[in-house]
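Asks: This is the structure I want to talk about, given as structure tokens.
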Amino acid sequence: MEICLNTDYVSSTADPEKYLKMMAEAGFTHVHWCHQWNTDFIYSLHEIREYRKVMKNFGLKLLDIHGSAGMEKGWYSTEEYRRKAGVELVENRMMMLAEMEGSGSLIMHPPYYHEKQTPELREAIRPKLDAFRRTMDDLIPAIEKYKVRIAIENLPYDTFEILFGLMKEYPAEWLGITFDTGHANMGSGNGLKLIRKVKDRIQALHLQDNDGAIGDQHQPPFYGKIDWADIVSLLRESSYRDRPLSFELSMRNTPFYDPEKKEDQPEDKIREFLMETYRRCEKVVKMYQETRS
């Protein structure tokens, strides 16, 4: 059974090799590369080719890469030098996706309106949205060169206004959506209804669970309050086709995690987490396969 998992289920900056090995041993077949997703780290060609070799040795295939919006480099920064540096950071991940033969998309965080934002904070988003448009113009040559699509993600408490607008501005071959179930379940929970309006633009997934209240928990399926039958029904009607279901999960909000050890979790506990997580993901995939038959 083909199931995709993110690399940073324990840590997003440590050497990913041991995490990849344990993922493969647990039964996962595809990788959502999430290391360095929120840093200014630039991958060299030497590193990329080594990771490609490591994954091949473990029998893993790359699906998506979670690109970085940057910390000092920022792909929609209103400071032009930082924005241009952010463009280079995104181009680096595009090259990485192509070199590692990824079959999915480059996942990115866009500017967005928050359900609880004041009018003043909403107004402050507009210049960032203008910067985002300039960045998209700058990235089109790289999109076409590497044959990579960007999939922007719905975010916690997202009103979807910007997401809807950008889907009208840019064609599907350049820009699509990463559907994050956990983010959509937060706040009012309207995200699970709003995503249906753009289901024909879904090209990447962050399947995860939460209770809808505490925060962005990234729990395996059936830990929280997500209605997985509803999610499966939505995916069946969406544009997401012919790719493994992709889960973005964390060990942190499960019984297997020791908060005192932080990122230095015992390997036996990591393996237990992965085995239990695989069974839960497998249940969702089986539901999906049954509805598509």
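Asks: In the stretch 198-228, how many are out of contact with any helix residue (DSSP H, G or I) (no Cβ under 7 Å at 6 or more places or on another chain), buried (at least 17 other Cβ atoms within 10 Å of the Cβ) and of a type in the set (V, I, T)?
Replies: Looking only at that region, the number is 1.
Asks: For F256, indicate whether it is at pLDDT 95 or above and on the phi > 0 side of the Ramachandran plot. Full working, then the answer.
Replies: Working: at pLDDT 95 or above: yes; on the phi > 0 side of the Ramachandran plot: no.
Considered against the rule, which asks whether it is at pLDDT 95 or above and on the phi > 0 side of the Ramachandran plot, F256 comes out as no.
Asks: So E79 fits all but one of (1) in contact (Cβ under 8 Å) with a residue 12 or more places away in the chain; (2) closer than 18 Å to L139 by Cα; (3) of a type in the set (D, E, K, R); what number is the exception?
Replies: (1)
Asks: Another question, if that's okay. Being under 19 Å from D216 (Cβ atoms), of a type in the set (F, W, Y) and under 17 Å from the mean Cα position of the chain (by Cα) is the filter here, so list the residues in the stretch 234-262 that pass it.
Replies: F247
Asks: State which residue is surrounded by the fewest Cβ atoms within 10 Å (Cβ to Cβ) when the search covers only the stretch 239-259 and only residues that are free of Cβ contacts under 8 Å to residues at least 40 places away in the same chain and under 23 Å from Q203 (Cβ atoms).
Replies: D242
Asks: Sticking with this structure for a sec: Restricting to the stretch 1-60, give me the number of residues that are surrounded by fewer than 20 Cβ atoms within 10 Å (Cβ to Cβ), farther than 22 Å from N92 by Cα, over 18 Å from the mean Cα position of the chain (by Cα) and not aromatic (F, W, Y).
Replies: 9
Asks: Another question about this same structure. For the stretch 93-105, check the following and say yes or no: at least one residue is surrounded by fewer than 22 Cβ atoms within 10 Å (Cβ to Cβ), in a helix (DSSP H, G or I) and touching a residue at least 60 places away in the same chain (Cβ under 8 Å).
Replies: no
Asks: For the stretch 110-128, indicate whether the set of residues that are modelled with pLDDT under 95, of a type in the set (V, I, T) and either in a loop (DSSP other than H, G, I, E, B) or surrounded by fewer than 13 Cβ atoms within 10 Å (Cβ to Cβ) (or both) is non-empty.
Replies: Scanning the stretch 110-128 turns up at least one residue that is modelled with pLDDT under 95, of a type in the set (V, I, T) and either in a loop (DSSP other than H, G, I, E, B) or surrounded by fewer than 13 Cβ atoms within 10 Å (Cβ to Cβ) (or both).
The values are calculated or read from the model by the stated rules, or taken from the named source; none is laboratory data. Fair warning: this is a prediction, and the values are worked out from it, not measured in the lab. Quick reminder, even Gly has a Cβ in these numbers, built from the backbone with ideal geometry, and neighbours come from all protein chains shown.
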